[in-house]
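To start, the structure itself, in structure tokens.
Every read-out reported here was derived from the displayed coordinates using simple, explicitly stated rules and does not represent laboratory data. In this text the structure is predicted, and so the values were computed from the model without any measurement. As a convention, Cβ positions derive from the backbone with ideal geometry for all residues, glycine included, and neighbour counts pool all protein chains shown.
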């Protein structure tokens, strides 16, 4: 799938046809207060993949990632064209790739290739947490100031919004991904 120029309705249709199910939709107003954008969280129950993206202008994908854990058939580190960002972590006597990729281009193809060459892990195992979902959208850290100001807002959103929004997910999704969330979730 390549989302460039696609209307959000068409994007959502393709995502759902691929097997993702919407588990959270957070509407928010743009910086001018003129358009309603959305933070969408989808989950692929078979593969344990979280898809997170937001919109811009109300009807276009702004950006986002899909997050997953994957193990090659032989349990040993390898290279794959399907990898984008991520890293190997040793879990027991096998290796797990904890990764994420840009959802706007080649996501379906990468997922298919990884499914062919190994298996997605669900529930997620404890690894570094670096490649876990954030559950933040662009207005959570939008700043008309400096890059540093925007990054401080992003750090604050990670601390506050990530746990809040994690708790809004269906319990089965929480259970599937809780071991590798970027921001620790406090048990209540």
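Things to note:
- Length released on extending from residue 156 to residue 142, taking residue separation times 0.36 nm less the Cα-Cα span: 3.9 nm
- Exposure proxy for 1, 71: other Cβ atoms within 10 Å of each Cβ, ordered fewest to most, give 1, 71.
- Taking only the C-alpha atoms of the chain, Rg followed by Dmax gives 16.5, 53 Å.
- Taking the chain and dividing mean pair separation by its residue count, relative contact order in percent (alpha carbons under 8 Å, at least six apart): 19 percent
- Virtual spin-label span in nm between residue 105 and residue 9, 7 Å along Cα→Cβ: 2.7 nm
- A simple spin-label model places the labels of residue 171 and residue 112 3.7 nm from each other, with each point 7 Å out along Cα-to-Cβ.
- A straight line joining the Cα centroids of the stretch 1-55 and the stretch 139-182 runs 16 Å.
- Estimated 222 nm signal from helices in the chain, with DSSP H stretches of n ≥ 4 weighted -39500 (n - 2.57), rounded to 500: -8000 deg cm²/dmol
- Comparing 67, 81, 45 in a Gaussian network model of the chain (Cα springs below 10 Å), the most mobile by mean-square fluctuation is 81.
- Estimated distance in nm for a label pair at residue 130 and residue 164, the labels positioned 7 Å out from Cα along Cα-to-Cβ: 2.9 nm
- Taking other C-beta atoms within 10 Å as the exposure proxy, 153, 114 rank 153, 114 from fewest upward.
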